[in-house]
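Below: the structure, in structure tokens.
The values are calculated or read from the model by the stated rules, or taken from the named source; none is laboratory data. What you see is a predicted model, and the numbers here were worked out from it, not measured in a lab. Don't worry about glycine lacking a Cβ; one is built from the backbone with ideal geometry, like all the others, and counts go over all protein chains shown. When the accessible area is computed, the model is the full protein with side chains, heavy atoms only, and any ligands, DNA or RNA have been set aside. Shrake-Rupley method; radii C 1.70, N 1.55, O 1.52, S 1.80 Å.
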Amino acid sequence: MSKNITPRIIAFGLLRALLVIAGVFALLWFLYEIQSVLLYIGVAAVVSLIGRPIVLFLRDKLNFPNTLAVIVTLLSIFCIIVGIILLVIPIITEQSENISRIDVEQVKEQLEVLNQEISNYFGIERVNVLDRIKQQEFYRNFDMEIVPTFVNGFFGTLGEFTIGLFSILFISFFLLKDSRLLLEGVLVFSKKGNEGQFLRAFTKIKQLLSRYFIGLIFQVLILFVLYSVILLALGVENAVIIAFFCALLNLIPYLGPAIGVLLMGAFVISDNLGANFTEVILPKLIVVGIGYAIIQLIDNFLNQPLIFGKSVKSHPLEIFIVILIAGLLFGVMGLVLAIPTYTAIKVISKEFLSEYKIVKKLTQDL
């Protein structure tokens, strides 16, 4: 057979391989250039998964026309987003004004007093916090010109966010209005004869992820209420918005709750600067720590099993390992996307790789 291989065939094979490689690189470059559009489509798909049960309820139970049900659903989601923005912006503005009126020397004195009280209470060597901060590289290299740059960047980001928001709502409208639109786009990649498998996989993924994202919303709402109760009881300023951000941080598995408790503790300390550490600050920090721990136990043993176990049908240990691997490979974004991505992979594997024992074992509950 080797005698039949001519230089022309070899050259043709090499040329074909080079064209394939060039095509792959061109496709990757194109996807990179339109990454913002892909992001909009991805978020719109999530919005459609969350909004689908609402549309079905309005259409089937209240006899809304399909288009009107979609419009009402998207308007509700839009109003929630705008409400959150309107809640956050005044608080940010107020805090900016407060920062501009801060007496730096007084804050230094209060930090020194707090530092001394902490050192005395725990019996440790006093550490000069301000000197340690000044020794840090970010402080030595800090340039005040970064402030106007940050402001310009903020408003630029705000403009991009506005464009992105309307793009997502526009795409979501058509995904909700025509439920087969996304399916038909997926079926384009299927081979002839495999449409039934693609249809079953797509339907199952949509069903599982819809329940998963709705479950996440309820998880955030429950945590928001519980965090608000703690912070309001301690009299922390802007307790509601702090509780909201801490609840959102729980969307990042394991890392988010750790950041949340540090954030709460920092706000408790900042609200009580100048007060006695032993009599005021420490008791409040203990209350925050105990309350936060109890809430996390409720979330880990009640909320999450209901969301992860019943919605995506995966064992808690399985979920933990998947999140750990995704975090190591892809960082914070991997932590956030680990569960929905793994769920989609499991469903696809069950449809196309069901002959393998490991696939049967992992997908037996799907």
Applied in sequence order to the stretch 288-298, the curve 6.51 cos²θ - 1.76 cosθ + 1.60 (Karplus, θ = phi - 60°) yields integer Hz couplings, x standing for Gly and Pro, of 4, x, 5, x, 5, 4, 4, 5, 5, 5, 4
Mind checking the dipole of the stretch 192-365: about its Cα centre, +1 per Lys or Arg Cβ, -1 per Asp or Glu Cβ, Debye to the nearest 20?
980 debye
In the structure displayed, which of LYS177/LYS360; LYS61/LYS346; LYS61/LYS361; LYS206/LYS360; LYS61/LYS313; LYS192/LYS346 lie more than 30 Å apart, Cα to Cα?
LYS177/LYS360; LYS61/LYS346; LYS61/LYS361
For the stretch 192-365, with every protein chain kept in place, what is the accessible area per residue (1.4 Å probe, Å²)?
53 Å²
Post the alpha-carbon centroid distance, the stretch 194-238 to the stretch 27-56, in whole angstrom.
18 Å
Counting alpha carbon pairs within less than 8 Å and at least 6 residues apart, what relative contact order, in whole percent, applies to the stretch 192-365?
26 percent
